[in-house]
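Input: a single structure, listed below in structure tokens.
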Amino acid sequence: MAETMTAPTSTSAGAAEFDVRIEDDASPLVRLIGRTLRDAVRTGHAIDTLNRLTGTVAIHSHDTPQAATISFGDDGIDVSSGVPAEPDAALTVDLNARLAPTTDPSGDADLAAGVLRALTPPLPEWRDAAQRFWEATRSLPGIPDVLIAVTEGPEGLEQAVLGDGPTQYLIAGAPQTLAGVFSGADDLVAVLSSGALGIQGTLSQLSAMTGASWKVRYDV
């Protein structure tokens, strides 16, 4: 039985709902795509596009063997591991660049373009993203009592302090960087490796925060 994630297109009257279904024991790529599509539906992003898409789209990682298929049907969207022999369209994407394409798509160009649009929901405001991250991960083992997010705003340093207690962990970066990590659009370790993020905490805290990042990114 597939795991079903349902999200409303918006909170306006008469809003439709999409079922975004992923298979049991889904791979990280399937979970990443499923979570991204769910975010797109929840925020109302590309709903006009999603309403008219039909067919199957193969998604390949550009630097790993991972592959998945998105299938659009009358009763929702299914994401599964592997690819069919002849998908209607195929995309190769960078998993650490917010699913940006690395080569030109093949097959149905309109279908491929629609999927790419649906897979790029806008990032939330960084404070909102931090709050949602904290609510989703604060109970995980090893998570510090306090999460501090720091960025440079138009009037100087800005920060969000979440939680209360003796242990704390600080993450600093540009607003878009923080929003990407906290929303799951970006992988914490990859962003750290790029030098775009600064942290202050212990190694054990980093391990716990990495697990928290994966929970949000892969919706586990």
Self-check item: Gaussian network model of the chain, springs between alpha carbon atoms under 10 Å - residue of LEU188, LEU29, LEU203 with greatest fluctuation
Solution: LEU203
Practice problem: Would you indicate which of (i) 50, 49, 38; (ii) 54, 43, 38; (iii) 56, 39, 31 is the value of Cα extents along the principal axes in Å derived from the coordinates of this structure? | Solution: (ii)
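Over region 22-112, what per residue volume does the convex hull of the Cα atoms give, in whole Å³?
Values: hull volume 9.2 nm³, N = 91.
Hull volume normalised by residue count: 101 Å³.
Taking each pair of different alpha-carbon atoms in region 64-147 once, compute 1/r for the pair, average those values, and report the inverse of that mean as the Kirkwood hydrodynamic radius in Å to one decimal.
Working: mean 1/r = 0.0637 Å⁻¹.
For region 64-147, inverting the mean 1/r across all distinct Cα pairs yields 15.7 Å.
What number do you get for region 13-65 when its Cα radius of gyration is normalised by 2.2 N^0.38 Å, N = residues? Provide the component values of the computation, followed by the final result.
Numbers: Rg = 12.8 Å, N = 53, 2.2 N^0.38 = 9.9 Å.
The value comes to 1.29.
Rounded to the nearest 500, what is the 222 nm mean residue ellipticity of the chain from helices alone, with -39500 (n - 2.57) per DSSP H run of 4+ residues and division by all residues? Could the numbers behind the result be given before it?
Values: 7 runs with 76 residues, N = 220.
My calculation for the chain gives -10500 deg cm²/dmol from helical runs alone.
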Quiz item: Roughly speaking, what is the centre-to-centre gap between region 153-219 and region 26-73 when only Cα atoms are used, to the nearest Å?
Solution: 25 Å
Quiz item: Gaussian network model of the chain, Cα springs within a sub-10 Å range: biggest mean-square fluctuation belongs to which of ALA85, ALA68, ALA190?
Solution: ALA85
Practice problem: Please determine, in degrees from 0 to 90 and to the nearest 10, the orientation of helix 126-137 with respect to the longest principal axis defined by the Cα atoms of the chain, where the helix direction is its Cα long axis. | Solution: 90 degrees
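Would you please calculate the Kirkwood hydrodynamic radius of region 125-204 over all C-alpha pairs and express it in Å, rounded to one decimal?
Details: mean 1/r = 0.0784 Å⁻¹.
One decimal place: 12.8 Å for the Kirkwood radius.
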Quiz item: Among rounded, prolate and oblate, which fits region 60-103 when a ≥ b ≥ c are the square roots of the eigenvalues of its C-alpha gyration tensor, a/c under 1.5 means rounded, and a/b larger than b/c means prolate?
Solution: prolate
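No value in this document is a laboratory result; all are computed from the given coordinates. Values in this document were obtained by computation on a predicted structure and should not be read as measured data.
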